[in-house]
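Chemist: Pasting a structure below so you can have a look.
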Amino acid sequence: LGNDFIDSRVCLPFQVVFLLCAYITVYMIYGKFRKTFDSENDTFRLEFLLVPVIGLSFLENYSFTPLEILWTFSIYLESVAILPQLFMISKTGEAETITTHYLFFLGLYRALYLANWIRRYQTENFYDQIAVVSGVVQTIFYCDFFYLYVTKVNIRAEFSFQAHLL
């Protein structure tokens, strides 16, 4: 048995947990928290993301096979998946504190991927152009949010702290 078999056995529980969490998240969004959907402000047109991502995944991939196209589609989609949330925040001018913290740490997680890719290139001489370019694009989308997060959340924390002092 080779390393691929061992790697797949080790990764399987993580993949199962990931898929289970994804299904639970979808259920919670469309089931339990359906009433929190803000149809008046959530006007982002998903086809503006999906059509270019689908087209790009067919045009730019490593091999023209169904699994490779699906993998490429998932990488490209992940890089722009935050845009509807950023659009809604910019449209309403506000977001719940938990949402801003979640987005901040999601962006930080993605920025750490960039550090991982640099380290991998240095140690293994490995460079995945699709993943790296998509990660850089996603991190650029987060930069504006990072600026707003640092300036607005710190101000909000000071206000709530002062309110507790009075």
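Read the figures in this text as sums done on the coordinates, not as results from a lab. For clarity, every value in this text was computed on a predicted model and none was experimentally measured. Quick reminder, even Gly has a Cβ in these numbers, built from the backbone with ideal geometry, and neighbours come from all protein chains shown.
Chemist: May I ask you to evaluate 6.51 cos²θ - 1.76 cosθ + 1.60, the Karplus curve with θ = phi - 60°, for each residue of region 12-29 and list the ³J(HN,Hα) values in order in whole Hz, giving x for glycine and proline?
Modeler: Karplus values, whole Hz, x for Gly and Pro: 4, x, 5, 5, 5, 4, 4, 5, 4, 5, 5, 5, 5, 4, 4, 4, 5, 5.
Chemist: Another question, then. Can you give the calculated 222 nm mean residue ellipticity of the chain, where each DSSP H run of n ≥ 4 adds -39,500 (n - 2.57) and the sum is split over every residue, rounded to the nearest 500 deg cm²/dmol?
Modeler: Calculated at 222 nm, the ellipticity per residue is -25000 deg cm²/dmol.
Chemist: Taking the Cα-to-Cβ direction at Ala115 and at Ile69 and moving 7 Å from each Cα, how far apart do the two end points lie in nm?
Modeler: Here the modelled spin labels are 3.8 nm apart.
Chemist: Right, something else. Which of Phe105, Phe145, Phe14 moves the most in a Gaussian network model of the chain with Cα springs under 10 Å?
Modeler: So, out of Phe105, Phe145, Phe14, the one fluctuating most is Phe14.
Chemist: Pick out, in residue order, every one of the GluC sites (Glu not before Pro) in region 1-107 that is DSSP loop and has at most 14 other C-beta atoms within 10 Å; say none if there are none.
Modeler: Glu40, Glu60, Glu94, Glu96
Chemist: Quick one: go through region 75-116 and flag any residue whose amide nitrogen is under 15 Å from the point 7 Å out along the Cα-to-Cβ line of Leu56.
Modeler: Under cut-off, by backbone N: 75-84.
Chemist: Tell me, what ³J(HN,Hα) does each residue in region 91-104 have, in order and in whole Hz, if you take phi through Karplus 6.51 cos²θ - 1.76 cosθ + 1.60 with θ = phi - 60° and put x for Gly and Pro?
Modeler: 6, 7, x, 8, 7, 5, 4, 4, 5, 5, 5, 4, 5, 4
Chemist: Could you give me the ³J(HN,Hα) list for region 65-71, computed from phi with Karplus coefficients 6.51, -1.76, 1.60 and θ = phi - 60°, whole Hz, x at Gly and Pro?
Modeler: So the J values, rounded to whole Hz, are 10, x, 5, 5, 5, 5, 4.
Chemist: With Cα extents along the principal axes in Å defined as stated, name the option among [x] 78, 28, 26; [y] 89, 29, 20; [z] 67, 37, 31 computed from the structure displayed.
Modeler: [z]
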